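Enquirer: The following block contains the structure, expressed as structure tokens.
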Amino acid sequence: SERQGDWNWGNVQSAGGCCLVVGANLYFSLSGRAGVPGTSGSGVCSTGLAALRRDGFASMDADEEEGVLTTRPVRFRGKYLFVNLDAPEGQLRLEVLDEGGHVIAPFAAANCIAVRGDTTLAEVRWNGAADLSGLAAKPVRFRFYLRKGSLYAFWISAEKSGASRGYLAAGGPGFTGPTDTLGKGEE
């Protein structure tokens with residue numbers, strides 16, 4: 001805070017290492033010092049807890065006018081696509097393109113089942129396709145169509161649970177190792 005007298009006015013810093021993954025949130029323990037103007041002392045010391053949406057560091061945002069984002073070519077392993085989305089009054093649709101920018105059937109936006117809601121773990125599905133396994137290891141682009149919402153992240157999982165296999169910083173409840181092997185089990 002920049003307001004003199006607040007518990008975290010003079011200094012704030014991480015306490016106890018990196019964040020914990022707790023369900024759909026990241027928890028950061030921190031310490032704050034109120035400071036005392038005109039002295040070299042550290043003043044009153046306090047601790048706090050900050051929470052942030054999991055994978056919520058940056059987002060693609062759209063209002064009434066549809067926003068479109070196309071990725072660079074990517075290769076993936078796995079077969080289920082998941083998103084971290086905040087669009088309770090909007091929707092997200094997605095299509096898969098080849099390197100030349102042509103839609104790969106049946107992964108057209110028109111076949112995509114719209115994703116809605118506020119969730120850090122939603123599967124994207126298409127009518128006429130069980131999964132993305134036929135595209136694994138091939139270079140593809142993903143084109144996102146977003147209306148009235150925020151898209152924070154996407155990933156491809158080998159498991160229907162959505163486990164990302166990504167690293168978990170300092171871990172969290174229910175995790176047994178350094179990577180996410182739970183997926184939907186954590187929400």
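The values are calculated or read from the model by the stated rules, or taken from the named source; none is laboratory data. Since the structure is predicted, the reported quantities are computational estimates derived from the model, not experimental observations. For neighbour counting, all protein chains shown are included, and Cβ atoms are generated from backbone atoms with ideal geometry for every residue, glycine included. Surface areas here come from the heavy atoms of the whole protein model, side chains and all, with no ligands, DNA or RNA. Shrake-Rupley method; radii C 1.70, N 1.55, O 1.52, S 1.80 Å.
Enquirer: Identify, please: which residue in region 103-160 is within 20 Å of the chain's Cα centre (by Cα) and polar (S, T, N, Q) and is, among those, farthest from GLY183 (Cα to Cα)?
Expert: Restricting to residues being within 20 Å of the chain's Cα centre (by Cα) and polar (S, T, N, Q), the top hit is SER150.
Enquirer: So ALA169 ticks every box in (1) of a type in the set (A, V, I, L, M, F, W, C); (2) more than 19 Å from PHE76 (Cβ to Cβ); (3) open to solvent by less than 60 Å² (accessible area, probe 1.4 Å); (4) part of a loop (DSSP other than H, G, I, E, B) but one. Which box is left unticked?
Expert: Answer for ALA169: the failing condition is (3).
Enquirer: Follow-up question, since we're still on this one. Which number in (1) small (Gly, Ala, Ser); (2) under 17 Å from the mean Cα position of the chain (by Cα); (3) part of a strand (DSSP E or B) marks the one condition that GLY90 misses?
Expert: Against the list (1) small (Gly, Ala, Ser); (2) under 17 Å from the mean Cα position of the chain (by Cα); (3) part of a strand (DSSP E or B), GLY90 comes up short only on (2).
Enquirer: Restricting to region 134-152, name every residue that is in contact with a Gly (Cβ under 8 Å, 6 or more places away or on another chain) and open to solvent by 20 Å² or more (accessible area, probe 1.4 Å).
Expert: ALA136, ARG141, TYR145, ARG147, LYS148, TYR152
Enquirer: Restricting attention to region 16-61, which residues are assigned to a strand (DSSP E or B), among the charged types (D, E, K, R) and either open to solvent by less than 50 Å² (accessible area, probe 1.4 Å) or at pLDDT 80 or above (or both)? Give the derivation first.
Expert: Filtering region 16-61 down to residues assigned to a strand (DSSP E or B) leaves 20-22, 25-33, 45-53, 60-61.
Adding the requirement that they be among the charged types (D, E, K, R) leaves 33, 53, 61.
Residues satisfying the conditions are ARG53, ASP61.
Enquirer: A follow-up question, please. When the residues of region 62-106 are narrowed to those that are acidic (Asp, Glu) and loosely packed, with under 13 Cβ neighbours inside 10 Å, which ends up modelled with the lowest pLDDT? Full working, then the answer.
Expert: From region 62-106, those acidic (Asp, Glu) are 63-66, 86, 89, 95, 98-99; that's our starting set.
Those left that are additionally loosely packed, with under 13 Cβ neighbours inside 10 Å: 63-65, 89, 99.
Values: ASP63: 97, GLU64: 96, GLU65: 96, GLU89: 97, GLU99: 92.
Residue satisfying both the conditions and the ranking: GLU99.
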